[in-house]
1. Give the peptides 171-177, 120-126, 87-93 in descending order of average Cβ contacts within 10 Å, highest first.
2. For D143 and D121, what does the FRET efficiency come to when R0 = 30 Å and r is the distance between their Cβ atoms, rounded to the nearest 0.05?
3. Could you work out which residue, out of A45, A153, A114, moves most in a Gaussian network model of the chain, that is, has the largest mean-square fluctuation with Cα springs under 10 Å?
4. Please arrange T55, T139 by how many other C-beta atoms lie within 10 Å of their C-beta, fewest to most.
5. Pairs K71/K182; K71/K93; K37/K79: which are spaced more than 24 Å apart, C-alpha to C-alpha?
6. Return a whole-number percent for the relative contact order of the chain, with Cα pairs under 8 Å and 6 or more residues apart as the contact set.
7. Using helices alone, what [θ] at 222 nm do you get for the chain, with -39,500 (n - 2.57) per DSSP H run of 4 or more residues, divided over all residues and rounded to the nearest 500?
8. Ranking F59, F105 by Cβ neighbours within 10 Å, fewest first, what do you get?
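Values in this text are rule-based calculations from the coordinates and carry no lab data. All values reported here derive from a predicted model rather than from experimental measurement. Positions of Cβ are generated from backbone atoms using ideal geometry, with glycine treated the same way; all protein chains shown enter the neighbour counts.
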Amino acid sequence: MGNESHPLTGGVPRVKRHERHVRPTRLLIMGPQGSGKGTQAKRIAATFDIPTISTGDIFRANIKGGTELGKIAKQYTDKGELVPDEITNAMVKDRLSANDVTGGFLLDGYPRTAAQVEALDHILTELGYHPLDGVIELTADRDELMRRIAGRAVAEGRDDDTPAAIERRLELYEKSTAPLTKHFKERGLLAQVDGMGEVEEVTDRIVAALDAL
C-alpha cells in the first residue's frame, strides 16, 4: 500500500496515549447491542491514539471503492447472504496492512467466531505483529439492555424492534460470543467491564481493566 492514505483512516480525535501503553496497543472490543460499545470504541481509540477498525466500515469502504473484495462481498450482501469468512478475513488483513495501524488498533465487530479468531492470529503473524494485547467485553443487565434498545427504536421510529426480536438478538449474541469469551479469558486477555453508568465512568473502568491485565 506504500504511503497512500487509507479510506478508513482519520476522523478520531487524537489525544495523549495512556502512560502505560507506550508500546503498540492491539485491542478488541465486544458487547451486546445497547451496551454502548460504539461510543466506547471511539473513546478508547482516542484515549490510546489508535484507529478503530470496524467490519461495517471495512465492508462499506470496499464496496463503495469497487475493490475486487468489495465486488465479491456485494454479490452476497445484495442477496441478503452472509459474506464468507475468507472474504471478511481478506478485507481485515488488507485494513491491518495500512500504515496507520503500526502503533496499534481497536477491532470492533471482528472476530465473531472461533474460526475468525484463528484467522486473526494468522493475519497478525503474517503482518509481523504480536497477538492481541487485550479484549474488552462490555457487560450489562439484560433488562437495562432491553430498555435501552426499545427506547432507541422508539426515538428512531422503528417498529421492528419488538421485545421478542430484541430478546432473540441478545440470546444469539450470548450464544455466539460465549466461546470467544472463554477463549480470550484462558489466554489472559479478557477485561470484562460493566457498561452501565456515565460514559466517562465506563471509559475509566475500561482503561483500569486493561491496565490490570
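1. Per-residue mean Cβ counts within 10 Å order the peptides as 87-93, 120-126, 171-177.
2. Rounded to the nearest 0.05, the efficiency is 0.25.
3. A153
4. Fewest-to-most Cβ neighbours within 10 Å comes out as T139, T55.
5. Over 24 Å Cα-Cα: K71/K182; K37/K79.
6. Relative contact order comes out at 27 percent.
7. Taken over the chain, the calculation gives -16000 deg cm²/dmol.
8. F59, F105
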